[in-house]
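Here is the structure we will look at.
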Amino acid sequence: MAKIATRVAYGDALKQLMAADKNIVALDADLAGSTKGAEAKKVAPERHFDMGIAEANMMAVAAGLAASGKIAFASTFAMFATGRAYEQIRNSIAYPRLNVKICASHAGVSVGEDGASHQCIEDISLMRTIPGMRVIVPCDYNEALQAVKYAAYQDGPFFVRLGRSGVEEVNDENYVFEFGKGVVLKEGDPDSDVVLVATGSSVQECLKAHDAMDVKPKVINIHTIAPIDRELIEELNKTYKKIITVEDHLVTGGLGSAVAEVMAETQGNAKLVRLGVQNVFGESGKPDELYHKLGFDAEAIRKEAENA
């Protein structure tokens, strides 16, 4: 099965949106080829702006364009979008609730050989704590394509987290993206007390773990981190004995923390185990090797699930 990076879907969605709507503009920060924002230049070069290595300025300009009535897409690596430009996102975009869609690529340790300086593992945490910011982490091409198109015509800011590496298809062309709702990918066996809850590229790792187990756990894709599907998590907390969250992100502040917050406020007896990056920085290496070393690849997920 061919692997396609979710950043490719961003480029394809942006190209389609800009061809259909002259009110949409796109901004990049000297990385249009990598983020796939360069696809916008193919259909509307006059509405694509390369701001150079000046991410904070890019976000401020995107805010200005949105304040003028445009729908602005701003893209760079997640490390620079959420780290270097945090103040501008918070004060210039989110506070006035402007129509800026931040589509950040190269997130997580799946960036691979670029190493810790470029492996942003804090971005979900930073973005989901900003009031009014919607956070989407697609797991594959089809989901990312629909998520970007959805965000375009919803009022206010969005953060869409995209990956560098190619990932297997989870959703076919008939898939319908539903914002704010978790997706049950595998129902699991009736005698299983475990549910795997994942986001982004970790969804594929959970599906591999599921297939390798004798007693199959339920597998859920949480593509919307903010606002998270509280109703679904509340039901899981009441139904299962063990909830395992999996993410290519720090377990602090990401999906695992979002699930823990809901569980702490609701009735239930489930034990929560958070798999992901455990309070360390990444390092240079192939994505699958880093997933294994950091303890959230399919093998680690399977072992944790079977310990139930």
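The values are calculated or read from the model by the stated rules, or taken from the named source; none is laboratory data. As the structure is a computational prediction, the values presented were derived from the model and not from experiment. Neighbour counts are summed over all protein chains in view; Cβ atoms, including those assigned to glycine, are modelled from backbone coordinates with ideal geometry.
So in the range 158-185, with the set limited to residues that are over 15 Å from the mean Cα position of the chain (by Cα) and in a loop (DSSP other than H, G, I, E, B), which one is surrounded by the most Cβ atoms within 10 Å (Cβ to Cβ)?
Looking at residues that are over 15 Å from the mean Cα position of the chain (by Cα) and in a loop (DSSP other than H, G, I, E, B), I get 171.
Which residues, counting only those in the range 90-120, are buried (at least 24 other Cβ atoms within 10 Å of the Cβ), over 18 Å from residue 28 (Cβ atoms) and touching an Asp or Glu at 6+ places or on another chain (Cβ under 7 Å)?
Across the range 90-120, the qualifying residues are 108, 109.
Filter the range 240-271 down to the residues that are free of Cβ contacts under 8 Å to residues at least 24 places away in the same chain and surrounded by fewer than 24 Cβ atoms within 10 Å (Cβ to Cβ) and list them by number.
Matches in the range 240-271: 260, 261, 264, 265.
Kindly establish whether residue 142 is under 28 Å from residue 216 (Cβ atoms) and more than 17 Å from the chain's Cα centre (by Cα).
Taking the combined requirement at face value, the residue does not satisfy it.
When you scan the range 142-151, do you find a residue that is among the β-branched types (Val, Ile, Thr), touching a Ser or Thr at 6+ places or on another chain (Cβ under 8 Å), buried (at least 21 other Cβ atoms within 10 Å of the Cβ) and not assigned by TED's automatic domain parsing to the domain that holds residue 296, even just one?
No, the range 142-151 contains no residue that is among the β-branched types (Val, Ile, Thr), touching a Ser or Thr at 6+ places or on another chain (Cβ under 8 Å), buried (at least 21 other Cβ atoms within 10 Å of the Cβ) and not assigned by TED's automatic domain parsing to the domain that holds residue 296.
Checking residue 96 against (1) in a loop (DSSP other than H, G, I, E, B); (2) touching a residue at least 40 places away in the same chain (Cβ under 8 Å), which test does it fail?
If we test residue 96 against (1) in a loop (DSSP other than H, G, I, E, B); (2) touching a residue at least 40 places away in the same chain (Cβ under 8 Å), just (2) comes out false.
Here's the yes/no breakdown for (1) more than 26 Å from residue 306 (Cα to Cα); (2) of a type in the set (Val, Ile, Thr):
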{"site": "171", "(1), (2)": "yes, no"}
{"site": "180", "(1), (2)": "yes, no"}
{"site": "185", "(1), (2)": "no, no"}
{"site": "189", "(1), (2)": "no, no"}
{"site": "192", "(1), (2)": "no, no"}
{"site": "198", "(1), (2)": "no, no"}
{"site": "209", "(1), (2)": "no, no"}
{"site": "216", "(1), (2)": "no, no"}
{"site": "224", "(1), (2)": "yes, yes"}
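How many of the residues in the range 234-293 are in a helix (DSSP H, G or I), within 17 Å of residue 198 (Cβ to Cβ) and among the hydrophobic types (A, V, I, L, M, F, W, C)?
Result for the range 234-293: 8.
Which helices (runs of 4 or more DSSP H) sit wholly inside the range 1-82 and have at least 3 residues that are assigned by TED's automatic domain parsing to the domain that holds residue 116 and hydrophobic (A, V, I, L, M, F, W, C)?
Filter on the range 1-82 gives 6-20, 55-67.
Only one of (1) part of a loop (DSSP other than H, G, I, E, B); (2) outside the structural domain of residue 34 (by TED's automatic domain parsing); (3) at pLDDT 95 or above is not met by residue 204, so which one is it?
So residue 204 meets the others, but not (1).
Six or more apart or on different chains, Cβ under 7 Å: which pairs go from a residue in the range 175-195 that's over 23 Å from residue 269 (Cα atoms) to one that's among the aromatic types (Phe, Trp, Tyr) and buried (at least 17 other Cβ atoms within 10 Å of the Cβ)? Could you list them?
Going by the 7 Å Cβ cut-off, the qualifying pairs are 177/150; 179/150.
What are the pairs with Cβ atoms under 7 angstrom where one residue, in the range 73-84, is over 11 Å from residue 161 (Cα atoms) and the other, located anywhere, is part of a helix (DSSP H, G or I)? Sequence gap at least six, or different chains.
Cβ pairs passing all conditions: 73/14; 74/58; 74/59; 74/62; 80/55; 84/55; 84/56.
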